[in-house]
Amino acid sequence: MTAIFNGVTTAIATTMNSDGSIDYAAYESLVEFQISSGINGIVVAGTTGEGATLTIDEKLDLLKRTIRIRGDRDCAIILGTGSNNTLTAIEHTRLAKENGADAALLVTPYYNKTSQRGLLAHYFAIADSVDIPIILYNVPGRTGMTINPETVAELATHKNIVALKDATGDIAYLDRIRGYLGPNTDFNLYSGDDGSFFDFLVHGGDGVISVVSNCLPVEFLRVYSLYQEGRINEARDLQLALNPFIDALFSDVSPTPVKAVLKEMGYGEENFRLPLIPTTDAVRENTLGLYREFLSLEA
């Protein structure tokens with residue numbers, strides 16, 4: 001099976017106006033910046049895209065605009081369709097397929113959560129209902145539960161469940177999954193933790209679904225390309241140079257610091273839908289300072 005993507009996919013921010021409506025002009029400019037920078041994919045309406053406070057109609061509108069801007073360029077377009085209601089997840093995933101998404105990203109159920117047996121039932125029900133590539137999304141810091149490695153391996157037996165995004169930053173977890181999957185598998189493993197991307201690659205990962213690439217897509221793509229070229233020390237050094245900025249991006253609730261940087265870059269304002277609010281002055285100042293410092297090192 002062909003991978004949805006290899007390399008770096010951006011979990012794109014959703015730019016907003018002061019009244020909470022979507023700033024489509026800024027969003028479309030950001031999408032074009034990403035694709036023209038060579039990014040390998042875009043996740044629409046994920047965590048960074050504030051998918052939790054978008055309606056399904058808004059998500060589909062963003063999806064269609066992103067696909068239109070991509071045109072015939074090589075960039076996977078993935079829609080966040082996860083829910084803690086399995087029937088809702090099925091419906092939203094069906095709509096993703098009908099509206100042209102290349103894949104769907106499905107977070108584990110949150111709040112009501114479930115057992116590992118319940119995860120199997122949840123994901124198999126979605127995969128049986130919609131013929132679209134599905135990326136499992138493990139982010140226990142937001143959902144309160146983890147997909148156990150043996151559960152990942154069992155889900156990977158379904159033809160439509162083709163990848164995992166893991167946001168734990170726990171390399172031992174990745175190693176355990178690879179052990180359960182065995183050597184002969186087309187199942188892809190994507191990092192959801194920017195700061196450990198290099199380590200993830202070293203341990204056999206296939207790519208990253210990234211927040212930092214909203215702001216530095218070319219630079220983060222270079223971590224991947226250097227690694228693929230066997231220039232391991234250079235890839236490691238670039239990751240280390242990026243990490244202070246990455247840490248700053250996650251020093252407040254994501255994506256609040258990201259939007260501060262995007263504003264400086266000319267992509268919208270620091271507007272959110274409640275319960276998210278703009279970051280603090282201290283975080284903003286530190287994040288922008290580290291962003292400028294990294295750009296000066298690159299110059």
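Quick look at the values:
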item	result
Single residue of TYR137, TYR110 found to be of a type in the set (Phe, Trp, Tyr), under 27 Å from THR55 (Cβ atoms) and in contact with a helix residue (DSSP H, G or I) (Cβ under 6 Å, 6 or more places away or on another chain)	TYR110
Every residue from segment 153-190 that is under 15 Å from PHE200 (Cβ atoms) and β-branched (Val, Ile, Thr)	THR168, ILE171, ILE177
Residue list for segment 37-95, restricted to those being open to solvent by 30 Å² or more (accessible area, probe 1.4 Å), among the polar types (S, T, N, Q) and assigned to a helix (DSSP H, G or I)	THR53, THR86, THR88
Residue list for segment 158-175, filter: aromatic (Phe, Trp, Tyr) and in a loop (DSSP other than H, G, I, E, B)	none
Hits in segment 174-195 (condition: under 26 Å from VAL212 (Cβ atoms), crowded, with 17+ Cβ neighbours inside 10 Å and either in contact (Cβ under 8 Å) with a residue 40 or more places away in the chain or not basic (Lys, Arg) (or both))	LEU174, ILE177, PHE187, ASN188, LEU189, TYR190, SER191, GLY192, ASP193, ASP194, GLY195
Pair list, Cβ under 6 Å, 6 or more apart: segment 68-91 residue free of Cβ contacts under 8 Å to residues at least 40 places away in the same chain, other residue open to solvent by 40 Å² or more (accessible area, probe 1.4 Å) and of a type outside the set (Lys, Arg)	ILE77/ASP102; ASN84/TYR110; ASN84/TYR111; ASN84/ASN112
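The values are calculated or read from the model by the stated rules, or taken from the named source; none is laboratory data. Source: prediction; values computed, not measured. We place every Cβ from the backbone using ideal geometry, glycine too, and count neighbours over all the protein chains shown. Calculation scope for accessible area: heavy atoms of the full protein, side chains included, ligands and nucleic acids excluded. Shrake-Rupley method; radii C 1.70, N 1.55, O 1.52, S 1.80 Å.
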